[in-house]
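Take a look at the structure below.
The values are calculated or read from the model by the stated rules, or taken from the named source; none is laboratory data. Bear in mind the structure is a predicted one, so any value in this text is a computation, not a measurement. Here Cβ is always computed from backbone atoms with ideal geometry, including for glycine, and neighbour counts include all displayed protein chains.
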Amino acid sequence: MSYEVKKTDEQWRAELSPQEYAVLRQAGTERPFVGEYTDTTTEGVYSCRACGAELFRSDTKFESHCGWPSFYDPAKSDAVELIEDRSMGMARVEVRCARCGSHLGHVFEGEGYDTPTDQRYCINSISLRMAPTS
């Protein structure tokens, strides 16, 4: 996919911390239960840490007890890109920022969460930046 925000690997490395780069640009995963937004209940907008694109809103965030922030729907239908991921010996769906292609996490379906979509967007805190609305 062609992204609106295009930067070289060197530019991303200069703008992101080593931990941010490992997750956002190399599809890494932060450890569970340590992220800044795992337990946050503040009302606000969650944006891509790499490019600032609006991704999720706090009214779709829910407690899934998985160790990462969980949302049941993106802020806009075209805010994220979903890609088949067969790494780690399993079939999953990777979630990327549709504006810059940065790795955000994975989405899971049909796990029995009582949400309007029955989806869990399991997102790395380090991939996000949250701006409170109140």
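Below is a table of values for the structure above.
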{"read-out": "Residue check, S77 of a type in the set (S, T, N, Q) and either under 22 Å from A27 (Cβ atoms) or touching a residue at least 60 places away in the same chain (Cβ under 8 Å) (or both)", "value": "no"}
{"read-out": "Any hit, the stretch 37-60, residues being in contact with a Lys or Arg (Cβ under 9 Å, 6 or more places away or on another chain), closer than 21 Å to E4 by Cα and loosely packed, with under 15 Cβ neighbours inside 10 Å", "value": "yes"}
{"read-out": "Wholly within the stretch 44-127, strands (runs of 3 or more DSSP E) carrying at least 2 residues that are within 25 Å of Q11 (Cβ to Cβ) and at pLDDT 95 or above", "value": "44-48, 54-57, 80-85, 92-97, 103-109"}
{"read-out": "Failed condition for T41, given (1) under 13 Å from I126 (Cβ atoms); (2) not in a strand (DSSP E or B)", "value": "(1)"}
